[in-house]
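The values are calculated or read from the model by the stated rules, or taken from the named source; none is laboratory data. Just so we're clear, the structure is a prediction, and the values are computed from it rather than from any experiment. Methodologically, a virtual Cβ is constructed for each residue, glycine included, from the backbone with ideal geometry; neighbour enumeration extends over all protein chains shown.
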Amino acid sequence: MNYLRTLIRDPYREPKDIINYYIAGNSITIEDLIKYKNAIFKSSKIKWLVQGNVKKEEVIELVEESNKILEIDINKEKTGKFPTIRPVVIKKNYNYIFRIKNPNPEEQSSSLISLYQTDLLNDLDTIYIKLIESFLKDKFFDQLRTKEALGYIASLFAIEAEGYYGMANVLQSNSKTPEFCAARVRNFYKEMHQNVKSISDEEFQLHLNALKGKTNKKDDNLSEVFSRNWTEIKNNTYKFNKKEKNIENLGKCNKEGFIKFYEKYFINEVAIVDSEYLCDAHYGQNEKELKETKILERENIKKRIICDTIDDYKACNTLEVVHNNPLYISYNKEE
């Protein structure tokens, strides 16, 4: 997941850099740690969310005391800017493959996260991707773990990165390569197409009602309310009425829209990035399969692009970094 996050967000910090630091024989000394401790907050700034039965005066006192302890430059806090994180958009009908070797030579399993990315979704479409997640989740596990026995871990879930949603498909296997698993994921979505098209009114309503139940569920405690609001602040969306909006849009969903959404993003206009994490035992076979894999006409993939580094991946001229995202408030906006 760490590598996938670097592939769909910009700027990024590559997890491998930390591993390479230790492979090179370097070590952190106590002097390094003290130097880091003394410098870490000098250029920092803080966003606060205080929620609950707390008076305004108490919050101000808490913030001021924290700034004093951490030696936060108050003036810099007022004028500084938070870094802008932008989504990386994958070109339609392309499949990018990023692979990296596991540094542990004793590891016997490899893993794959295959992400099917959507466009920038409106509020109604975010409901449809959650419905598709509900429809596919158990079927994915049953087909790829139970029937095909690809590995111990087989899961499917929707994720979101700066407004761009996607369906993440995770497989960990000690018997099959990530490239083999990626082909089976693509086949799964093709096979499920007929199931989606033939979904009955009753089954569609079953998944819709289940989602309605989750969405309408009252918060059990203040922590849940806080977590939802903090996510909006952290993501810079500030849509504090998202729950109410979702409840409203659930009433607008229909079977036709569900089928149309699936066909667009999982059949006709696929945009796929595969993050492959390889053990030593699988590396050679995976390279062989990467060279021999043939794109089937029914897969709607114009080209597969293999990237050895994240820099190579980000440099591909078919990738686009979205600089102006209309769903998001600018990080640099004066508040």
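Only residues that are surrounded by fewer than 24 Cβ atoms within 10 Å (Cβ to Cβ) and either assigned to a helix (DSSP H, G or I) or touching a Phe, Trp or Tyr at 6+ places or on another chain (Cβ under 6 Å) (or both) were counted across region 173-184, and they come to 3. Is there a residue being without any contact (Cβ under 8 Å) to a residue 60 or more places away in the chain and of a type outside the set (S, T, N, Q) anywhere in region 6-14? Within region 6-14, one or more residues are without any contact (Cβ under 8 Å) to a residue 60 or more places away in the chain and of a type outside the set (S, T, N, Q).
Of the residues making up region 219-229, one or more are of a type in the set (D, E, K, R) and surrounded by 13 or more Cβ atoms within 10 Å (Cβ to Cβ). Ala154 meets all of the listed conditions (1) over 19 Å from Tyr265 (Cβ atoms); (2) crowded, with 22+ Cβ neighbours inside 10 Å; (3) touching a residue at least 24 places away in the same chain (Cβ under 8 Å) but one, namely (3).
Within region 133-142, being surrounded by 19 or more Cβ atoms within 10 Å (Cβ to Cβ) and within 16 Å of Val170 (Cα to Cα) holds for Glu133, Leu136, Phe140.
With respect to Val170, is the statement that it is in a strand (DSSP E or B), buried (at least 18 other Cβ atoms within 10 Å of the Cβ) and touching a residue at least 24 places away in the same chain (Cβ under 8 Å) true?
On the way: in a strand (DSSP E or B): yes; buried (at least 18 other Cβ atoms within 10 Å of the Cβ): yes; touching a residue at least 24 places away in the same chain (Cβ under 8 Å): yes.
Judged against the criteria, Val170 is a match.
Condition first: more than 19 Å from Ile129 (Cα to Cα) and touching a residue at least 60 places away in the same chain (Cβ under 8 Å). Now tell me which residues in region 202-233 satisfy that. Leu222, Val225, Phe226, Asn229, Trp230, Ile233, listed by residue number. Within region 28-51, the set of residues being under 18 Å from Lys68 (Cβ atoms) and among the aliphatic types (A, V, I, L, M) comprises Ala39, Ile40, Ile46, Val50. Scanning for something of a type in the set (A, V, I, L, M, F, W, C), more than 23 Å from Gln194 (Cα to Cα), in contact (Cβ under 8 Å) with a residue 12 or more places away in the chain and assigned to a loop (DSSP other than H, G, I, E, B), does region 90-107 turn up at least one residue? Checked against the condition, which is being of a type in the set (A, V, I, L, M, F, W, C), more than 23 Å from Gln194 (Cα to Cα), in contact (Cβ under 8 Å) with a residue 12 or more places away in the chain and assigned to a loop (DSSP other than H, G, I, E, B), region 90-107 yields at least one hit. Would you tally the residues in region 202-233 being within 25 Å of Phe258 (Cβ to Cβ) and not in a loop (DSSP other than H, G, I, E, B)? The qualifying residues number 15.
Pairs please, first residue from region 32-61 and within 30 Å of Leu222 (Cβ to Cβ), second anywhere and charged (D, E, K, R) and part of a loop (DSSP other than H, G, I, E, B), Cβ atoms under 6 Å, 6+ apart in sequence or on different chains. What qualifies is Phe41/Glu71.
Taking the conditions (1) touching a residue at least 60 places away in the same chain (Cβ under 8 Å); (2) of a type in the set (D, E, K, R); (3) surrounded by fewer than 15 Cβ atoms within 10 Å (Cβ to Cβ); (4) outside any helix (DSSP H, G or I) in turn, Asp274 satisfies each one other than (3). For the residues Asn249, Asn236, the requirement of being touching an Asp or Glu at 6+ places or on another chain (Cβ under 9 Å) and either surrounded by 18 or more Cβ atoms within 10 Å (Cβ to Cβ) or not in a helix (DSSP H, G or I) (or both) singles out Asn236.
Residues in region 128-151 that are in a helix (DSSP H, G or I) and in contact with a Cys (Cβ under 9 Å, 6 or more places away or on another chain): Tyr128, Leu131, Leu144.
Would you check if there is a residue in region 66-75 being modelled with pLDDT under 80, of a type in the set (S, T, N, Q), closer than 30 Å to Phe240 by Cα and not in a helix (DSSP H, G or I)?
Filtering region 66-75 for residues modelled with pLDDT under 80 gives 73-75.
If we keep only those that are of a type in the set (S, T, N, Q) too, we end up with 75.
Among the residues that remain, those that are also closer than 30 Å to Phe240 by Cα are: 75.
Among the residues that remain, those that are also not in a helix (DSSP H, G or I) are: none.
No, the conditions are met nowhere in region 66-75.
Among the residues of region 25-48, is there at least one that is under 27 Å from the mean Cα position of the chain (by Cα), in the same structural domain as Ile74 (by TED's automatic domain parsing), at pLDDT 90 or above and in a loop (DSSP other than H, G, I, E, B)? Within region 25-48, one or more residues are under 27 Å from the mean Cα position of the chain (by Cα), in the same structural domain as Ile74 (by TED's automatic domain parsing), at pLDDT 90 or above and in a loop (DSSP other than H, G, I, E, B). When we screen Glu263, Glu256, Glu292 for residues that are over 20 Å from the mean Cα position of the chain (by Cα) and modelled with pLDDT under 95, the only hit is Glu292.
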